[in-house]
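Worksheet for the structure shown next.
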Amino acid sequence: MMRLLTGASPEESFQFVLRSIEAFGSTVLVEGTDRTRSLYWVHAWTVSPDGIITQVREYFNTSVTVTRVGAAAAGDSSSSNVPKLHCLPVWQSKLPDQARRSLPGLVLAI
């Protein structure tokens, strides 16, 4: 997939450098770069209760923020019967070299 996305030749090897692994319920986030830190990726895996990966999402050269969506606090004094939701950021990618370039951002809700 990397060759298709980057135009790299088949002779070029790509070595992953793992930066972090975090789990939030059934979602596992894996973050890494290549050896030169010029490419950056985040994988979001959905894992079943049996430990089987059922979905993989890959974000390539994209800054990712993960938020947990939940109901607002019970003491909310709203007169509406529609429940209010809030997004609590729980994880943000750590870019390898923020000074050199900016990357598009994405919010992943879990």
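The values are calculated or read from the model by the stated rules, or taken from the named source; none is laboratory data. Note that this is a predicted model, so its numbers are computed, not measured. Cβ sites come from the backbone with ideal geometry, for glycine too, and all protein chains shown count toward neighbours. For accessibility, only protein heavy atoms count, side chains too; no ligands or nucleic acids. Shrake-Rupley method; radii C 1.70, N 1.55, O 1.52, S 1.80 Å.
Starting from region 14-33, take each residue that is over 15 Å from LEU95 (Cβ atoms) and list its partners that are open to solvent by less than 40 Å² (accessible area, probe 1.4 Å) and charged (D, E, K, R), counting only C-beta distances under 7 angstrom and pairs at least six apart or across chains. As it stands, the answer is PHE14/ASP34; GLN15/ASP34, since those pairs meet every condition given.
Yes/no matrix, rows are residues, columns are (1) farther than 17 Å from TRP91 by Cα; (2) free of Cβ contacts under 8 Å to residues at least 12 places away in the same chain; (3) surrounded by 11 or more Cβ atoms within 10 Å (Cβ to Cβ); (4) in contact with a helix residue (DSSP H, G or I) (Cβ under 8 Å, 6 or more places away or on another chain):
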{"site": "ARG35", "(1), (2), (3), (4)": "yes, no, yes, no"}
{"site": "ALA44", "(1), (2), (3), (4)": "no, no, yes, no"}
{"site": "SER48", "(1), (2), (3), (4)": "yes, no, no, no"}
{"site": "GLY51", "(1), (2), (3), (4)": "yes, yes, no, no"}
{"site": "THR54", "(1), (2), (3), (4)": "yes, yes, no, no"}
{"site": "TYR59", "(1), (2), (3), (4)": "no, no, yes, no"}
{"site": "THR65", "(1), (2), (3), (4)": "no, no, yes, no"}
{"site": "ARG68", "(1), (2), (3), (4)": "no, no, yes, no"}
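Looking only at region 21-35, decide whether some residue is modelled with pLDDT under 90 and among the charged types (D, E, K, R). Yes; the residues of region 21-35 include at least one that is modelled with pLDDT under 90 and among the charged types (D, E, K, R).
Quick check on region 9-20. Is at least one of its residues open to solvent by less than 30 Å² (accessible area, probe 1.4 Å), at pLDDT 80 or above and of a type outside the set (Gly, Ala, Ser)? No, that holds for no residue.
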